[in-house]
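No value in this document is a laboratory result; all are computed from the given coordinates. Given the structure is predicted, the values throughout are model-derived calculations rather than measurements. When we count neighbours, we look across all protein chains shown, and the Cβ atoms used for this are built from the backbone with ideal geometry, even at glycine.
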Amino acid sequence: MKKSLLLLLFVFAAHFCAFAQMAPGSTAPNFTVVDINGQSYTLYNILDQGKTVYIDFFATWCGPCWNYHSTHALQELWEQYGPS
């Protein structure tokens, strides 16, 4: 009984945690990040400058994430729309 309850709890939790994308048309919350050089960036400040922001979080241990990263889709975006 405990194993069944634990399995049910795991499946229920995984269902709500598996969807990481925001709903289409929703507004991203403002956040600040610091790069490896100590420079901080705030999302809304960058958007206020008229710039576009693409955020890609991936990990090498995440199969689907790594497969997407390996397609070089973001590299192509950079080459096509990035600064000269």
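What's the extension gain from Lys51 to Ser26 if we count 0.36 nm per residue and subtract their Cα-Cα distance? Working shown, then result.
Numbers: separation 25, 0.36 × 25 = 9.00 nm, distance 1.83 nm.
Here the segment from Lys51 to Ser26 would lengthen by 7.2 nm.
Label-point separation (nm) for Ala59 and Gln39, each offset 7 Å from Cα along Cα-to-Cβ?
Distance between label points: 2.8 nm.
Can you list the HN-Hα couplings for segment 54-59, worked out from phi with the Karplus curve (6.51, -1.76, 1.60; θ = phi - 60°), rounded to whole Hz and with x for Gly and Pro?
10, 10, 10, 9, 8, 9
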